[in-house]
Amino acid sequence: MRAIRFDNTGGPEVLELHDVELPPPGPGQIRVKHTAIGVNFIDTYHRSGLYPIALPSGLGLEAAGTVDALGQGVTSLKLGDRVGYCSGPIGAYAEANNVPADRVVKLPVTVSDDVAAASLLKGMTVQYLLKRTFPVKSGDTILFHAAAGGVGLIASQWAKHLGVTVIGTVGSDDKVELARSHGCAHVLNIRKDDWVQRVRDITGGKGVPVVYDSIGKDTWTGSLDCLAVRGFMVSFGNSSGAVPAFEPGVLSAKGSLYLTRPTLMSYTRTPQELQETANDLFAVLGSGAVKIAINQRFKLADARAAHEALHSRATTGATILTP
């Protein structure tokens, strides 16, 4: 099969397409023949070395397709089942992958393969952020960074569906209307606006009870300054670089703030948690309250170009690869 591989960490240029042998699935595994592959910012962290992995390596955690081989002991799935996965093992940038059977979810007829590959990781991330990390409630006003990105567009729609007022940030004027049309009541351009002051103005000076921040270094201090007393800082990504080291006393000085750095794996540890999280996502997709915008499509062979697009901050919504 064809697969993306890289021998050394670095920029998008390290990604290369190779012909590789995929062994039969081992005990407890299935082989998924991919029809669509998700592209996520965590892939760039693995490629760059921000999140170290053993090299040489494949890339990618998320894909959808059909089961075309069963390993010993697998009884929960059958050949031809439509499935998706988003928590690895790394190697989704390929025509197929061997995956633990208990780390995939069955896809309902209401969710296409493309939508599954574009939304499983991002959508289940939104599910745990809004419903479990800091459970939002109707009437809340929240700040969500990168509101025009793949996670942000899902989160803004879902939060609005839950009765929440979303203040979203974007990185350019051409993304303002996109974020607004997907549920943001207020959209701030962090490259132009005094967004911290604007958040204070919108909230009558109180600040927001929670900030969801996937940007990291560039928004860290400002995000803390947007929080109300005893507010909750949810740092779940590093698209601008890792958050700098800080003294815990900063949290007390700014109002006895809380901080968490959650991951999807921690919220989907068991097959039951994984399926329940996916089912909640599938339900909100099926209701029409959340729609998935797949705004960039690349061939598997063009994975390098997909990563270049991500780094340019020119992408909106979801990006997928097709084998």
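Laboratory data are not the source of any read-out in this text; all were calculated from the coordinates shown. What you see is a predicted model, and the numbers here were worked out from it, not measured in a lab. Counting neighbours? That spans all protein chains shown, and the Cβs are built from the backbone with ideal geometry, glycine included.
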Any aspartates and glutamates whose Cα falls less than 18 Å from that of residue 106, other than same-chain ones fewer than 8 residues away, would be 62, 68, 81, 114, 273, 276, 280
When the chain is treated as a Gaussian network with springs between alpha carbons less than 10 Å apart, the largest mean-square fluctuation among 272, 29, 157 is found at 272
Violations at 27 Å Cα threshold for listed pairs 33/299; 217/254; 131/192; 122/254; 160/206 -> 131/192; 122/254
At R0 = 45 Å the Cβ-Cβ FRET efficiency linking residue 301 and residue 132, nearest 0.05, sits at 0.75
Compactness summary of region 251-299: radius of gyration and Dmax from Cα atoms, Å, are 17.0, 49
Rounded to whole angstrom, the alpha-carbon centroid of region 170-193 lies from that of region 61-77 at a distance of 40
Check: C-alpha center region 1-19 vs C-alpha center region 205-227, spacing in Å is 36
Between residue 18 and residue 76, Cβ-based FRET efficiency (R0 41 Å, step 0.05) works out to 0.80
Comparing 94, 185, 118 in a Gaussian network model of the chain (Cα, 10 Å), the one with the largest mean-square fluctuation is 185
For residue 227, other-chain or 5+-apart residues with amide H closer than 5 Å (H placed, Pro excluded) are 208
Per residue convex hull volume, Cα only, region 1-95, in Å³ is 95
Percent antiparallel among DSSP beta bridges confined to the chain, nearest 5, equals 55
Checking rank on 192-204, 136-148, with mean other Cβ inside 10 Å and highest first, the result is 136-148, 192-204
When the chain is treated as a Gaussian network with springs between alpha carbons less than 10 Å apart, the largest mean-square fluctuation among 114, 280, 19 is found at 19
The relative contact order of region 138-261, taking Cα pairs under 8 Å that sit 6 or more residues apart, comes to a percentage of 20
In Å, the Kirkwood hydrodynamic radius from C-alpha pairs for region 138-261 sits at 14.2
Long-range amide H partners of residue 149, meaning residues 5 or more apart or on another chain whose placed amide H is closer than 5 Å, are 317
The correct pair for the chain, radius of gyration to one decimal and Dmax as a whole number, both in Å and from Cα atoms, is 19.6, 61
The extension gain from residue 245 to residue 191, computed as 0.36 nm times the residue separation minus the Cα-Cα distance, is 17.1 nm
Taking alpha-carbon centroids only, region 270-297 lies from region 79-122 a number of Å equal to 12
